[in-house]
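The values are calculated or read from the model by the stated rules, or taken from the named source; none is laboratory data. Since the structure is predicted, the reported quantities are computational estimates derived from the model, not experimental observations. So basically every Cβ, Gly included, is an ideal-geometry build from the backbone, and we count neighbours across all protein chains shown. These accessible areas exclude ligands, DNA and RNA; they are computed on the full protein's heavy atoms, side chains included. Shrake-Rupley method; radii C 1.70, N 1.55, O 1.52, S 1.80 Å.
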Amino acid sequence: MDDNNAHQHGHGHRQGHQGGHAPGHQHGHQHGSGHGHGPQDADFSVLTEMLDLDAEVLHEHLDELTGWIEELSGGTAEKPGGRDLRVLDLGSGTGAGTFALLQRFPGADVTAVDASPAMAARLEEKAAALGVADRVRTVVADLDTEALPAGPFDLVWASASLHHLADPAGVLAQVREVLRPGGLMVAVELEGFPRFLPDDLGIGRPGLEERCHTAQAEGRKAAGMHMSEDWGARLRGAGLDVVAERVVAIDLAAPLPAATGRYVLASLTRVRSALEDVLDAQDLATLDALTDADGPHGVLRRDDLTVCTERNVWVAARG
Ligand SMILES: C[S@@+](CC[C@H](N)C(=O)[O-])C[C@H]1O[C@@H](n2cnc3c(N)ncnc32)[C@H](O)[C@@H]1O
């Protein structure tokens, strides 16, 4: 669920097209918001691939997380087994959270909101392929300028999306309104991007990944993204009660999931594109070698990859 192109996802995209939208499938509804990746866009296809692979590689962790939500919702969401659970997925991307929640709660349906029509289209394709199209509704909407779909929802999920918002407080205030009393909001955010590589790669200058992370963090800061926020405080500020909080530490060791090489390849391809104008020529050449799928130094051939990352999770209830 990483998005390592901070400088391409800046804010400043309030377009003045306010207002509600009829819920439902709203494709072809371009927002000109800077989030509308066209399906033809090579960068977009790498991003969707990366989000899909992220879900595949980290499936176990996501499963553990939804299991925890199920336990918590037994007490507060009053929907044992998820019967008739109405879920809202904010910034749903290609549906990592949507599908994990549908699997966890067999009676649930999910309204998946994303600013990108192409993301929504991809999510719909996947829903059809998984045989759950009747349990998913996509809404193409820019959360910074458009109202949330009407509730009440039992569960609101936002994974790696809140930091994109220009006005997170405004969106969280709306979340409170669309949650039913006792309903839960789950916020998942990354503490930086995953680490995949050893410090000394055997090619280029040691410390490449560290330099990439530093440059990306600066780019996200410059773009005004809300990284490393205390989302617990934000949730409380919106009038919700934080009922649980945890850090999910992910440190995958061999045997790595089969999709790991492709996940690292897609992730580094995005890093390469985002940092084109930032890294020096030697680091760019090293990234080229690493992202050459057929090359001798390409990540698909390396046996020293890892996936090491942390996700912070807050669960808040509407009292
Ligand atoms: C890093 S992806 C996370 C996707 C998904 N939640 C996951 O965990 O894989 C962030 C998503 O938020 C969406 N997004 C960013 N800003 C948005 C906004 N203002 N309104 C709606 N969606 C937005 C992007 O289009 C993207 O699909």
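Remarks
- Residues in the stretch 215-252 that are part of a loop (DSSP other than H, G, I, E, B), over 20 Å from the mean Cα position of the chain (by Cα) and either surrounded by fewer than 17 Cβ atoms within 10 Å (Cβ to Cβ) or among the polar types (S, T, N, Q) (or both): 239 alone.
- Screening residue 200 against (1) touching a residue at least 40 places away in the same chain (Cβ under 8 Å); (2) open to solvent by 20 Å² or more (accessible area, probe 1.4 Å) leaves a single unmet condition, (1).
- Residue that is nearest to the ligand (Cβ to nearest atom) [pool: residues in the stretch 128-138 that are under 30 Å from residue 170 (Cα atoms) and in contact with a Leu (Cβ under 9 Å, 6 or more places away or on another chain)]: 138
- Members of the stretch 103-115 found to be at pLDDT below 95 and open to solvent by less than 10 Å² (accessible area, probe 1.4 Å), listed by number: 105, 108
- Condition check for residue 289: in a strand (DSSP E or B), under 24 Å from residue 308 (Cα atoms) and of a type outside the set (Val, Ile, Thr): no
- Only a single item in (1) within 12 Å of the ligand (Cβ to nearest atom); (2) open to solvent by 10 Å² or more (accessible area, probe 1.4 Å) is not met by residue 89, and it is number (2).
- Within the stretch 174-190, one or more residues are open to solvent by 10 Å² or more (accessible area, probe 1.4 Å), free of Cβ contacts under 8 Å to residues at least 60 places away in the same chain and of a type outside the set (Ser, Thr, Tyr).
- Scan of the stretch 159-196 for residues that are out of contact with any Phe, Trp or Tyr (no Cβ under 9 Å at 6 or more places or on another chain) and among the small types (Gly, Ala, Ser), ordered by number: 159, 160, 161, 166, 169, 170, 173, 182, 192
- Residue among 68, 157 that alone is away from the ligand (no atom under 15 Å from the Cβ), over 22 Å from residue 259 (Cβ atoms) and not in a loop (DSSP other than H, G, I, E, B): 68
- Listed by first and then second residue, the pairs linking a residue in the stretch 160-172 that is at pLDDT 95 or above and more than 9 Å from the ligand (Cβ to nearest atom) to a residue that is aliphatic (A, V, I, L, M) and assigned to a loop (DSSP other than H, G, I, E, B), with Cβ atoms under 6 Å apart and 6 or more places separating them unless they lie on different chains, are 172/238.
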